[in-house]
1. Report relative contact order for the chain in percent, whole number only (criteria: Cα-Cα under 8 Å, sequence separation at least 6).
2. For LEU111 and GLN51, calculate 0.36 nm times their separation in residues minus their Cα-Cα distance, and state this gained length in nm to one decimal.
3. Looking at the calculated P(r) for the chain, what percent of the C-alpha pair distances fall above 25 Å?
4. Looking at the chain as a GNM with Cα springs under 10 Å, which of GLY93, GLY69, GLY114 has the largest mean-square fluctuation?
5. Between PHE108, PHE66, PHE13, where does the largest GNM mean-square fluctuation fall for the chain, given springs only between Cα atoms within less than 10 Å?
6. Between ARG14 and ALA97, what is the label-to-label distance in nm when each label sits 7 Å out along the Cα-to-Cβ direction?
Amino acid sequence: MRAAVVTVSDRSFRGERPDVSGPALKQLLERAGADVLETAVVPDDPAIIAQVLIRLTDEVRCEIIFTTGGTGLSPRDTTPEATRQVIDKRVPGIEEAIRQNSLKQTPFAMLSRGMVGVRRQTLILNFPGSPKAVKECFAVVEPVLAHAVKLLRDENPYADADHAWQPQRS
């Protein structure tokens, strides 16, 4: 899996605060066997976020892009809006699974507006900006990432699986 991590934070972009969520996410991806082609820290600016997502999809040809940060309610939290601008379709099941699991950890999870969607053959996932939330959210999606990438490549994800679905024959 070819992946990228984009940290969305005005303060980290300006060098006022170290980025800890991005490196945590990169480490999780590498442990899961992903090849992290690029990491970036960008300001909370929807035009810049969208531009980076487009470049990582269309030019770098990442199969999975994770963003961390910018999913809350503050006026500068615009990661979901930028993501909505660039995706072809949403993947609400992943969004729901992340929020459902996160609500078990904290009631504040219901304030997260993270979005998940597909642009061309790239899965884009918005995660909150804390390292703890990144780890919790990644644990939810890790089991389906390889399957999702195979589907986006238009490969049969069940080709080697023992649990492959077979049509009922009468």
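Laboratory data are not the source of any read-out in this text; all were calculated from the coordinates shown. Just so you know, these numbers come straight off a predicted model, no measurement behind them. As a convention, Cβ positions derive from the backbone with ideal geometry for all residues, glycine included, and neighbour counts pool all protein chains shown.
1. About 24 percent, as a whole number.
2. Separation in residues times 0.36 nm, less the Cα-Cα distance, equals 19.0 nm.
3. More than 25 Å apart: 28 percent of the Cα pairs in the chain.
4. Taking springs between Cα atoms under 10 Å, the residue moving most is GLY93.
5. PHE108
6. Output for this residue pair reads 3.8 nm.
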